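In what follows, a structure is listed as structure tokens, so that the remarks can point back to it.
Bear in mind that the values in this text are calculations on the coordinates, not laboratory data. No experiment lies behind these values; they were computed from the predicted model shown. Note that each Cβ is placed from the backbone with ideal geometry, even for glycine, and that neighbours are counted across all protein chains shown.
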Amino acid sequence: MSNKSFLEQEIFEQPIIIDHLIQKEQAHIAALADKLKGKFNYILIAARGTSDNAARYAQYLFQIHNEIPVALATPSVFSIYKKHPNLDGALILAISQSGMSPDILSVLKEGKHQGRPTLAVTNNPESPLGELADDVISLHAGLEKAVAATKTYTASLVAMALLSMSLAHDDSMLATLKNLPDWTDQTIQKALSKTDQMERFHDLIHGVVIGRGFNYCTAFEIALKIKELTGITTVPYSSADFLHGPVASVHEGYPALVIAHHGKVFQDTKQVIERVNSLGANTLLISDDQDLCNQEGFSIQTPSGIPEWVSPVVNVIPGQVLGWQLAEYRGMDPDNPRGLKKVTKTR
């Protein structure tokens, strides 16, 4: 391209934004965690779209690292059905890049009505959501001009990691988080080195994206990015759910993008790769394992040594680049996908 799209620019901005977010919010989130101590025994998260995928990450992170139960709110229960579930013991956490959606606001309003602590994670602290919440974690991502969210998604993940660290009083996590700008930059460069190989996938009409554990959210976010940017029907699954029926859809040449990162679910994910390959799938791989990457026709290898709990911040980037490139190859506008608006207000 002669002129860079906003989407391309925002993908490239992510290392700087992550570094900036850690510097700006670390002390604030630590103080916030101290303020919340003893005031809740589970977290109820309200989110939509890309933010819902950040909420999926938070589910794994808070339950595994902090051993705090996490539930995802059903916003229409509050906004359309006008019901009032008992929120006793909950911390109401809303994640929304714009802070504008009425259904997310309705969950926070009910939480405040019941006297529960409320927290907003948003790129727009002056939004209705930011004004309503007791406390706000700002993403400090700057204006996001492309309709498809990239930098606000990874910033949301980092915000969740900072909150988890502070709630656990685990300062050892900070050194890992401070490596993220370098890891994300390395991954962007690695993905860019494979863009000429991505053209072969431009005529896809469907496919699956598979991840598990911490990278369950990554499967959902990559599938969403590809759908938003290209119109290709991509369906996300955990590797476990995929084997409980959907694997029957795999046939010769069937596109399957798999996230396989070293950690608790790595061996399970390898078995799924072997299974879909045996059925003739056209497997695309995002992995930190060199041997595994060398075995697949198309792979993007992420940096080694990234702990599983923080890997979704890095592993989503090849999917962002793939969605952007496929949009370009299909002659589509990566900044303005058909039928979408930047701010979606659902009720």
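By the beta-carbon count within 10 Å of each Cβ, the least crowded to most crowded order of Ser166, Ser127, Ser172, fewest first, is Ser172, Ser127, Ser166. Taking amide H positions as modeled 1.01 Å from N, with prolines and chain starts lacking one, the residues under 5 Å from Ala46 and 5 or more places away or on another chain are Ala73, Leu93, Ala94, Ile95. If you take all other residues with their beta carbon under 13 Å from the beta carbon of Val158, and give Lys and Arg +1 and Asp and Glu -1, the sum is +1.
Pairs of Lys residues in region 22-138 are counted when their Cα atoms are under 30 angstrom apart and they lie 8 or more places apart or on different chains; the count is 19.
Full extension of the chain between Lys24 and Ser249 yields a length gain of 76.3 nm, computed as 0.36 nm times the residue separation minus the alpha carbon distance. Taken one residue at a time, the phi angles of region 188-199 give Karplus couplings (6.51, -1.76, 1.60, θ = phi - 60°) of 4, 5, 5, 5, 4, 5, 10, 5, 5, 7, 6, 4 Hz. Gly and Pro are set to x. Placing a pseudo-label 7 Å from each Cα along the Cα-to-Cβ vector at Asp135 and Tyr42 gives an inter-label distance of 2.2 nm. Projecting the Cα atoms of Val158, Ile17, Leu44 onto the charge dipole of region 6-178, computed from C-beta unit charges around the Cα centre, puts Leu44 farthest toward the positive end. Along the axis of the charge dipole computed for the chain (Cβ charges of +1 for Lys and Arg, -1 for Asp and Glu, origin at the Cα centre), the listed residues Val208, His28, Ser106 are led at the positive end by Ser106. Computed from phi, the 3J(HN,Hα) profile of region 227-234 under the Karplus parametrisation 6.51, -1.76, 1.60 (θ = phi - 60°) reads 4, 4, 7, 10, x, 6, 6, 10 Hz, with x in place of Gly and Pro.
Given R0 = 35 Å, the distance between the Cβ atoms of Ile205 and His169 translates into a calculated FRET efficiency of 0.10. Rounded to the nearest 500, the helix-only mean residue ellipticity at 222 nm of the chain stands at -15000 deg cm²/dmol, with each DSSP H run of n ≥ 4 adding -39,500 (n - 2.57).
Taking Cα centre as origin and charging only the Cβ of basic (Lys, Arg, +1) and acidic (Asp, Glu, -1) residues, the dipole magnitude of region 182-329 rounds to 240 debye. Against the empirical 2.2 N^0.38 Å (N residues), the chain has a Cα radius of gyration ratio of 0.96.
Rounded to the nearest whole Hz, the Karplus-based 3J(HN,Hα) values (6.51 cos²θ - 1.76 cosθ + 1.60, θ = phi - 60°) of region 23-35 follow the sequence 5, 6, 10, 4, 5, 4, 5, 4, 5, 5, 4, 4, 5, with x at glycine and proline.
So if I place +1 on the C-beta of Lys and Arg and -1 on the C-beta of Asp and Glu, and nothing else carries charge, what would the dipole magnitude of the chain be about its Cα centre? I want it in debye, nearest 20.
Taking the Cα centre of the chain as origin, the dipole is about 1060 debye.
The label-point distance for Ala240 and Leu279, in a model that sets each label 7 Å from Cα toward Cβ, rounds to 1.9 nm. Spacing of the modelled spin labels on Lys35 and Gln197, each 7 Å from Cα toward Cβ, amounts to 4.8 nm.
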